[in-house]
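The values are calculated or read from the model by the stated rules, or taken from the named source; none is laboratory data. The structure displayed is predicted, hence computed values, not measured ones. Backbone-built Cβ (ideal geometry, glycine too); neighbour counts: all protein chains shown. The protein model used for the area step is the full one, side chains on, heavy atoms only, and it has no ligands, DNA or RNA in it. Shrake-Rupley method; radii C 1.70, N 1.55, O 1.52, S 1.80 Å.
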There are 4 protein chains.
Amino acid sequence: MSDIASGDMGPWLSPEDLDLVRRKVPILYVDAIPARVDAHGDLEAVGLLLRATDEGTISRALVSGRVLLHETIREALERHLEKDLGPMALPRLPLSLHPFAVGEYFPTPGSPFHDPRQHAVSLAYVVPVAGDCRPSHDTLELTWLTAAEAQTPEILGDMIEGHATLLRQALAHLGRLR
Amino acid sequence: MSDIASGDMGPWLSPEDLDLVRRKVPILYVDAIPARVDAHGDLEAVGLLLRATDEGTISRALVSGRVLLHETIREALERHLEKDLGPMALPRLPLSLHPFAVGEYFPTPGSPFHDPRQHAVSLAYVVPVAGDCRPSHDTLELTWLTAAEAQTPEILGDMIEGHATLLRQALAHLGRLR
Amino acid sequence: MSDIASGDMGPWLSPEDLDLVRRKVPILYVDAIPARVDAHGDLEAVGLLLRATDEGTISRALVSGRVLLHETIREALERHLEKDLGPMALPRLPLSLHPFAVGEYFPTPGSPFHDPRQHAVSLAYVVPVAGDCRPSHDTLELTWLTAAEAQTPEILGDMIEGHATLLRQALAHLGRLR
Amino acid sequence: MSDIASGDMGPWLSPEDLDLVRRKVPILYVDAIPARVDAHGDLEAVGLLLRATDEGTISRALVSGRVLLHETIREALERHLEKDLGPMALPRLPLSLHPFAVGEYFPTPGSPFHDPRQHAVSLAYVVPVAGDCRPSHDTLELTWLTAAEAQTPEILGDMIEGHATLLRQALAHLGRLR
């Protein structure tokens, strides 16, 4: 998850509080898959975040982050999309906040959705973006891939297993599983 | 349903063929609720078609019509939205064609979803429209109503029961039931 | 929410830790509406928990409770159903854990889904139960109501607003809105 | 689709009427994937129909068939499940008739969902069965496969492409995509 990968859950909790909370309760997340759609509403491409790791390899990720105290799910989605895609992305948030999937990440080794730092539950959405995407972080790029390209082992292998699974679930939901 | 109310199922079937088919199989429809959304994706208003009947009363309806042979559900949605809202409505068709509800209309008296002419099964969608809506038929207007306004007995009472039910199901789906 | 109404979030967190966590992050819940279904899968009745309050009035509630650290959503649903309906209720948990609705409760006065103690996000499910329901708590009963009975102002008025809304959303989802 | 593979759409329409109707309108179907679930509601196995073809090869299929005039979707599901799994299968039909997918089959060569005889639209469901499955037709068997087994190229290759896709969409919907 992007804000975790950067070792930070935001300015709203001190690292000590965060550590405490993570040892007490599951943490609520939203995951979003940016999408380009054509004039008929058909999927053209999905957007994946690309990041160089300290080890010199690359990793790919969905837009993802925590829901803050007093924040609605809609606000959290909007905030994380803006954080990762920039202020001109013009995301079209869904009218209905029914997620296409609920991801459950556990710190336990061997979990299918594994997150070493925490137990997280994530509500996942596909979000069409109509504008210009400019990831703001230095190390970050956004890559647009067709549904077929996104499902190659090379691409899926650059993602954590939970994100790779959510991406394939999203494409299945849209009738675009290879 | 709009194209039925006008006594016509389109130029693609003769009246005789139509009568025959309706006596043999259920007929597939799409129903669409046009929606205005704000910049955050929240519902601002739903659009209902308004029509003066021959008896001098008015009736309200969803955008609705038959899926033609060789036509995809997406094409049928697009065609009926254009037919009823005009070519500048700019509907944003959903990425996923999972309906929020499946309506089943029966000709049998007393059916909750009653259609005197046929057994119809309808896939129902809420479709944001971003452009300028100009219903093309003489007798037709489009009225925008807030979720609260749309749920008054006066408005619901101007609709056939199936459409009134689908409208309330849509608002429930969007978390906007009064 | 039932375990909150009893002033307790379970033995797994001390009251001090709970207070701390609630001031830091949204708390994840599951809400379940027990259902009786006939042999064709049609809804016969929904089950509502009935409780005498200290003030001598009664309140009605859905089965509801927190998801614990390291607990799956499925396990949380199962635990809360057993806690409130007893060990012989034989709930048939859904194959898919897509909620029919996501409830967002805020402590802010005037929130449509209001919970004075916390910001909670709840995944809501309808769960058929095939067995014998015996609420274990002293003050608790389970009442079975038809879809029509459950939607009367008297019944809805005995519930907190969030639960009343989820119940109506569930009935809309099942095509049983009055 | 099973009743088509047997060259018959049921006794309710003469072959001549059927041919006529198929040349006029899309035909409405239901597709069902029988499932074994454990006591916690988790998927244990999916059931696929196995049939020897005239050419001496085998084919696998979902439970599938037409919705008849005046028949509800629920009744059609129940009838086709009983026809293919026998009267003791005890299917647990879903409370909600929201399909996990809508399949669109076209007679056009090259369609992703291809059906040489007709344009069909299918509402697809996963249906837990609790009883004893005894396919009634001579040539038919039911095979239970784990989610992993069902996704092997060997199994998927024995199905028409539309059914293979629906099966994978169902497993994605249940979080069980390989």
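A few points about this structure:
- Each residue, D:GLU141 and A:TRP144, gets one label point 7 Å from its Cα in the Cβ direction; the gap between the two is 5.0 nm.
- Whole-Hz couplings from phi, Karplus 6.51/-1.76/1.60, listed for the stretch B:12-27; x for Gly and Pro: 7, 10, 6, x, 5, 4, 4, 4, 4, 4, 4, 8, 10, 9, x, 9
- For C:MET88, net neighbour charge (Lys/Arg +1, Asp/Glu -1) across residues whose Cβ lies under 10 Å away: -1
- Residues with amide H under 5 Å from that of C:MET159, placed H, sequence gap 5 or more: C:ARG60
- Cα-only radius of gyration and Dmax that characterise the stretch D:11-80, units Å: 16.0, 49
- Accessible area of the stretch A:116-178 divided out per residue, in Å², using a probe of 1.4 angstrom: 42 Å²
- Charge dipole (Cα centre; +1 on Lys/Arg Cβ, -1 on Asp/Glu Cβ; no other charges) of the stretch D:122-178 amounts to roughly 320 debye.
- The HN-Hα couplings worked out from phi for the stretch C:28-33 by the Karplus form 6.51 cos²θ - 1.76 cosθ + 1.60 (θ = phi - 60°) are 8, 10, 10, 10, 10, 10 Hz, whole numbers, x standing for Gly and Pro.
- Sequence of C:ILE27, D:ILE160 from largest to smallest accessible area, 1.4 Å probe: D:ILE160, C:ILE27
- Residue-by-residue Karplus 3J(HN,Hα) for the stretch C:147-161, coefficients 6.51, -1.76, 1.60, Hz, glycine and proline x: 4, 5, 4, 5, 9, 6, x, 4, 5, 4, x, 8, 10, 5, 4
- Count Lys and Arg as plus one, Asp and Glu as minus one, and take only other residues whose Cβ is under 12 Å from that of C:LEU171; the net charge is then +3.
- Working from Cα pairs under 8 Å separated by at least six residues, relative contact order for chain D is 27 percent.
- Amide H contacts for A:ALA130 (H built 1.01 Å from N in the peptide plane; partners 5 or more residues away or on another chain; cut-off under 5 Å): A:ARG92.
- Largest to smallest accessible area among D:MET88, D:MET159 [probe 1.4 Å]: D:MET88, D:MET159
- Pairs from B:LYS24/D:LYS83; C:LYS24/C:LYS83; A:LYS83/C:LYS24; A:LYS24/C:LYS83 whose Cα-Cα separation, in the structure shown, is over 24 Å: C:LYS24/C:LYS83
- Estimated 222 nm signal from helices in the protein assembly as shown, with DSSP H stretches of n ≥ 4 weighted -39500 (n - 2.57), rounded to 500: -7000 deg cm²/dmol
- Net charge over other residues, Cβ less than 11 angstrom from the Cβ of A:LEU43 (K, R count +1; D, E count -1): -1
- The stretch C:42-105-the stretch B:126-175 distance, computed between alpha-carbon centres (Å): 34 Å
- Here the chain B residue lying nearest the rotation axis onto C, judged by its C-beta and given with the distance in whole angstrom, is B:ALA172, 2.
- Sorted largest first, extent of the stretch D:127-168 alpha carbons per principal axis (Å): 27, 22, 16
- Label-point distances for D:PRO116 to the equivalent site in the other copies, using a point 7 angstrom along Cα→C-beta, read 4.5, 5.6, 7.1 nm when ranked shortest first.
- Note on the stretch C:2-173: with charges restricted to the Cβ of Lys and Arg (+1) and Asp and Glu (-1), its dipole about the Cα centre is near 400 debye.
- Dipole of the stretch C:2-173, positive direction: furthest Cα of C:LEU43, C:GLY56, C:GLY86, with charges on the beta-carbon: C:LEU43
- Kirkwood radius for chain C, taken over all pairs of different Cα atoms as the inverse mean of 1/r, rounds to 16.5 Å.
- For the stretch D:89-178, the spread of Cα positions along each principal axis, largest first, Å: 39, 32, 29
- Between this copy and the others, label points of A:ALA148 are 3.1, 5.2, 5.6 nm apart in ascending order, each placed 7 angstrom from Cα in the Cβ direction.
- For the stretch B:13-100, the Cβ-based charge dipole about the Cα centre amounts to some 180 debye (Lys, Arg positive; Asp, Glu negative; other atoms uncharged).
- Among the residues of A:87-96, the average count of other protein chain beta-carbon atoms within 10 Å of the residue beta-carbon is 5.
- By accessible area, using a 1.4 Å probe on protein heavy atoms only, the stretch B:2-173 has 54% of its surface on carbon and sulfur.
- Using a 1.4 Å probe over protein heavy atoms, the accessible area lost on pairing B with C, summed over both chains, comes to approximately 600 Å².
- Per-copy distances of the D:THR53 label point, shortest first, in nm (7 angstrom along Cα→Cβ): 4.5, 5.4, 6.7
- Across the protein assembly as shown, Cα-Cα distances exceeding 35 Å account for 45% of all pairs.
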